[in-house]
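Asker: I'd like to ask some things about the structure below.
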Amino acid sequence: MGRALEVEIVAKEAIKPSYPTPHYLRNFKRSLMDQINYPMYTTGIFIYKVNDDDDLSVKAGRISRRLKSSLSETLTKFYPFAGKVKDDFSIECNDDGVEFIEGRANGFLSQYLQEPDHNLLSEFHPFGKEGPVAGKDSPLLIVQATFFKCGGVAIATCASHVLIDGMSLATFINCWAATARVDDHHQPSKLPASMLPQYVTASLFPASEAVSSYPLRFSPSERVEFNRFVFDASKIAQLKAEAASEIVPRPSTVEAITALIWKCTRTASRSNHGGSPRPSLLLQGANFRTELVPPLPDNSVGNCVGYAVAQTGEKETKLQDLVCELRRAKEEFSRNGLQTLLENKCLLTIQDQSIRDKFESGEIDFFSFTSVVRFPFYQAADFGWGKPIHVTFLNFVSPNFFMLMATNDGTGVEALVSLSPEDMVLFQRNQELLAFTTLNPPVDVNEAKNVSLGLRSSL
């Protein structure tokens with residue numbers, strides 16, 4: 001691959017809202033979901049080819065100015081993002097601002113696109129290879145723009161889960177990018193209401209002094225191996241056909257891929273535990289905006305995520321059976337999960353005592369996943385120089401987590417998987433898995449276009 005790609009930080013600046021936040025908005029109330037969500041950062045990285053003949057320093061300066069001016073204007077609407085956590089119940093909207101970092105890469109964008117390595121991605125955001133917990137004094141949002149010799153740019157957004165979930169980040173990116181496009185034409189920013197944030201979660205789910213602590217703490221670990229697996233449309237169709245059963249005759253794309261990954265991660269874990277049968281739990285991240293009556297709009301900002309809990313016994317489980325269990329857990333969450341979550345004031349309750357005992361003793365495998373397949377990151381993130389050619393995420397501070405997202409052409413799915421190094425070695429060689437996916441192929445920039453909505457699915 002030649003010389004390692006490195007990034008030199010050339011500037012840091014606090015971007016404040018373009019207008020001061022009014023005093024009556026300075027004390028932003030957090031919701032119950034904000035309280036009990038794990039305080040980690042989710043980093044989205046948006047990669048662009050910028051086709052013009054300008055000198056790199058001229059191009060970087062122009063893009064940086066547009067990003068910063070539009071970010072400043074956007075923060076007047078997303079004013080909590082420019083504040084700091086005051087306590088468990090509120091955010092102080094003091095206009096401290098969002099940290100904006102500018103970097104210069106010593107190489108070309110093609111070095112990453114040909115081999116989208118996790119270690120290279122760590123150069124594009126301020127935390128490097130660390131996965132920091134978002135503490136009380138940590139900023140809620142950090143942005144890094146990295147410019148390549150070829151003129152390409154990577155924009156990283158590091159969003160704290162103390163307030164910002166995946167859909168909230170998508171709403172913010174959509175508004176910021178639209179503001180940048182308007183700013184490019186020197187016109188007043190008049191955006192439709194659907195792009196603007198709604199702050200309603202705290203009134204629906206007030207914070208509580210009786211909140212129990214998050215029951216399943218993830219400790220950032222250095223022993224995490226990350227890999228990317230791409231499922232194309234034809235392989236997805238084959239997988240869905242194989243995953244079908246009388247109980248679930250038409251599994252969704254996300255159900256089929258999730259079941260396959262779950263099956264293969266269980267196999268790897270069992271092999272590394274001496275071949276002993278092990279039960280497992282899988283937490284499915286569930287955006288409950290659509291579960292409420294009436295439903296919340298997508299632009300509701302705040303944590304609106306619960307977890308559907310699927311589980312297996314010790315015996316080997318068929319792909320079709322795992323799909324059925326995923327469907328059962330999803331339907332159970334839709335019926336009772338949100339109410340249970342609110343009543344217990346906890347993101348997850350393990351009702352089965354035997355399962356709980358095995359979890360606490362380490363005798364059960366624990367996995368979690370989330371899907372952002374339906375989130376419009378490719379469509380939304382056009383700042384005026386075209387849609388991104390690649391979008392990816394980094395929030396893998398612990399093993400046994402995976403995320404599903406759409407490919408840049410909208411017809412396939414990328415699975416971003418983190419496991420222990422020992423499990424990853426076996427997982428990435430699993431022939432059942434490799435029959436349906438490709439391990440970390442180059443990013444096909446020729447396929448980047450408007451992403452189809454055909455893969456829309458919440459789980």
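The values are calculated or read from the model by the stated rules, or taken from the named source; none is laboratory data. Source: prediction; values computed, not measured. Methodologically, a virtual Cβ is constructed for each residue, glycine included, from the backbone with ideal geometry; neighbour enumeration extends over all protein chains shown.
Here is a yes/no grid of residues against (1) at pLDDT 90 or above; (2) touching a Leu at 6+ places or on another chain (Cβ under 8 Å); (3) of a type in the set (Lys, Arg):
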residue: Lys190; (1), (2), (3): no, no, yes
residue: Leu196; (1), (2), (3): yes, no, no
residue: Tyr199; (1), (2), (3): yes, no, no
residue: Phe218; (1), (2), (3): no, no, no
residue: Ser221; (1), (2), (3): no, no, no
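Asker: Is there a residue being buried (at least 17 other Cβ atoms within 10 Å of the Cβ) and within 25 Å of Phe127 (Cα to Cα) anywhere in segment 54-62?
Answerer: yes
Asker: Could you tell me whether Arg270 is outside the structural domain of Met167 (by TED's automatic domain parsing), among the basic types (Lys, Arg), touching a Pro at 6+ places or on another chain (Cβ under 8 Å) and closer than 30 Å to Ala159 by Cα?
Answerer: Spelling it out, it is not the case that Arg270 is outside the structural domain of Met167 (by TED's automatic domain parsing), among the basic types (Lys, Arg), touching a Pro at 6+ places or on another chain (Cβ under 8 Å) and closer than 30 Å to Ala159 by Cα.
Asker: Ok, one more. Filter segment 17-48 down to the residues that are out of contact with any strand residue (DSSP E or B) (no Cβ under 8 Å at 6 or more places or on another chain) and in contact (Cβ under 8 Å) with a residue 12 or more places away in the chain and list them by number.
Answerer: Pro17, Ser18, Tyr19, Pro20, Thr21, Leu25, Asp34, Gln35, Ile36, Tyr38
Asker: Now, a different point. Among the residues of segment 281-302, which ones are of a type in the set (Lys, Arg) and assigned to a strand (DSSP E or B)?
Answerer: Result: no residue meets the conditions.
Asker: Does Gly97 count as modelled with pLDDT under 95, buried (at least 16 other Cβ atoms within 10 Å of the Cβ) and touching a helix residue (DSSP H, G or I) at 6+ places or on another chain (Cβ under 9 Å)?
Answerer: It is false that Gly97 is modelled with pLDDT under 95, buried (at least 16 other Cβ atoms within 10 Å of the Cβ) and touching a helix residue (DSSP H, G or I) at 6+ places or on another chain (Cβ under 9 Å).
Asker: Here's something else I'd like to know. Under 8 Å between Cβ atoms, which residue pairs at least 6 apart in sequence (or on different chains) link something in segment 289-303 that is closer than 18 Å to Arg335 by Cβ with a partner that is assigned to a helix (DSSP H, G or I) and polar (S, T, N, Q)?
Answerer: Glu291/Ser334
Asker: Give the residue that is modelled with the highest pLDDT, with candidates limited to residues of segment 139-155 that are surrounded by fewer than 24 Cβ atoms within 10 Å (Cβ to Cβ) and among the small types (Gly, Ala, Ser).
Answerer: The qualifying residue modelled with the highest pLDDT is Ala145.
Asker: Give the residue that is farthest from Val200 (Cα to Cα), with candidates limited to residues of segment 303-340 that are acidic (Asp, Glu) and part of a helix (DSSP H, G or I).
Answerer: Asp321
Asker: Just to be sure before I move on: is Ala244 of a type in the set (A, V, I, L, M) and more than 21 Å from Asp165 (Cβ to Cβ) in the structure I sent?
Answerer: Criteria met by Ala244.
Asker: Run Arg270 past the list (1) in a helix (DSSP H, G or I); (2) under 23 Å from Ala170 (Cβ atoms) and report the number of the one that doesn't hold.
Answerer: Condition (2) is where Arg270 drops out.
Asker: Kindly state which helices (runs of 4 or more DSSP H) lie completely within segment 356-455 and contain at least 1 residues that are within 22 Å of the chain's Cα centre (by Cα) and either at pLDDT 95 or above or surrounded by fewer than 21 Cβ atoms within 10 Å (Cβ to Cβ) (or both).
Answerer: It comes to 377-380, 421-427.
Asker: Hey, another quick one. Any residue in segment 283-297 that is touching an Asp or Glu at 6+ places or on another chain (Cβ under 8 Å) and surrounded by fewer than 20 Cβ atoms within 10 Å (Cβ to Cβ)?
Answerer: Yes, segment 283-297 contains a residue that is touching an Asp or Glu at 6+ places or on another chain (Cβ under 8 Å) and surrounded by fewer than 20 Cβ atoms within 10 Å (Cβ to Cβ).
Asker: What residue, among those in segment 23-63 that are closer than 19 Å to Ile155 by Cα and of a type in the set (Lys, Arg), is nearest to the chain's Cα centre (by Cα)?
Answerer: Residue satisfying both the conditions and the ranking: Lys49.
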